[in-house]
Amino acid sequence: MGAYFSSPNPDVDSRAWMTTLRRLLDLDVAVLVEGHGHVHTLRPDVPSIPGVVHRTDPRRAIETKLEFLTWLDTRIAEARADGRTDNAAVAACFPWGRRWSWERLAADEIARVATIGEFSRHQLIRSFHRSPDDLLPTLFEARVARNPPGR
């Protein structure tokens, strides 16, 4: 839920992500646990763990992420409407006047080079324009029983 997201893989559908965030705002979220392990909550009964538990309103974290993704979507739509390339859209989405644009540049470039473009700012631009025909990954669920019956 970090506010600024810059280099997803090709499987990300940012518009679907925005829809999910809007749905989360309809809920009374008291504790938000990110996929990367951070916890956002104002509840005092959740123990403080430095670097893990953030004493922030989970709803505000969701709103901030949604605001950023909406801002990106607008920049990308403007670039597409003007007939600009994905390179120009990347430049519009990561202007040097925004601190997060240059703070994340080295990490984003390392990710892009190390993954041969799989994780990149260009993938972020493309993530807002997935068509229903685009192939997204198949998700599998595996469950392992701790105490199987009969043992």
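The values are calculated or read from the model by the stated rules, or taken from the named source; none is laboratory data. This one's a predicted model, so the numbers in the text were calculated from it and none came from an experiment. Heads up, the Cβs are rebuilt from the backbone with ideal geometry, glycines too, and the neighbour counts pull from every protein chain shown.
Do we find a residue being of a type in the set (Gly, Ala, Ser), farther than 15 Å from Thr64 by Cα and in contact with a Ser or Thr (Cβ under 6 Å, 6 or more places away or on another chain) anywhere in the stretch 6-27? Scanning the stretch 6-27 turns up at least one residue that is of a type in the set (Gly, Ala, Ser), farther than 15 Å from Thr64 by Cα and in contact with a Ser or Thr (Cβ under 6 Å, 6 or more places away or on another chain).
Looking across the stretch 26-59, just one residue is surrounded by 12 or more Cβ atoms within 10 Å (Cβ to Cβ) and closer than 22 Å to Asp73 by Cα, and that is Arg59.
Select from the stretch 60-84 the residues that are assigned to a loop (DSSP other than H, G, I, E, B) and surrounded by 12 or more Cβ atoms within 10 Å (Cβ to Cβ) and list them in ascending order. Talk me through it step by step, then tell me what you get.
If we filter the stretch 60-84 for residues that are assigned to a loop (DSSP other than H, G, I, E, B), which is where we start, we get 82-84.
Across the stretch 60-84, the qualifying residue is only Arg84.
A search for C-beta distances below 7 Å between a residue of the stretch 86-107 that is over 16 Å from Phe128 (Cα atoms) and any residue that is surrounded by 14 or more Cβ atoms within 10 Å (Cβ to Cβ), counting only pairs 6+ apart in sequence or on different chains, returns Pro95/Ser101; Trp100/Tyr4; Ser101/Phe94; Arg104/Tyr4; Arg104/Ser6. Within the stretch 96-107, not a single residue is assigned to a helix (DSSP H, G or I), more than 15 Å from the chain's Cα centre (by Cα) and modelled with pLDDT of 95 or more. Of everything in the stretch 38-53 that's under 18 Å from the mean Cα position of the chain (by Cα) and of a type outside the set (A, V, I, L, M, F, W, C), which residue is modelled with the lowest pLDDT? Ranking the candidates gives His38 first.
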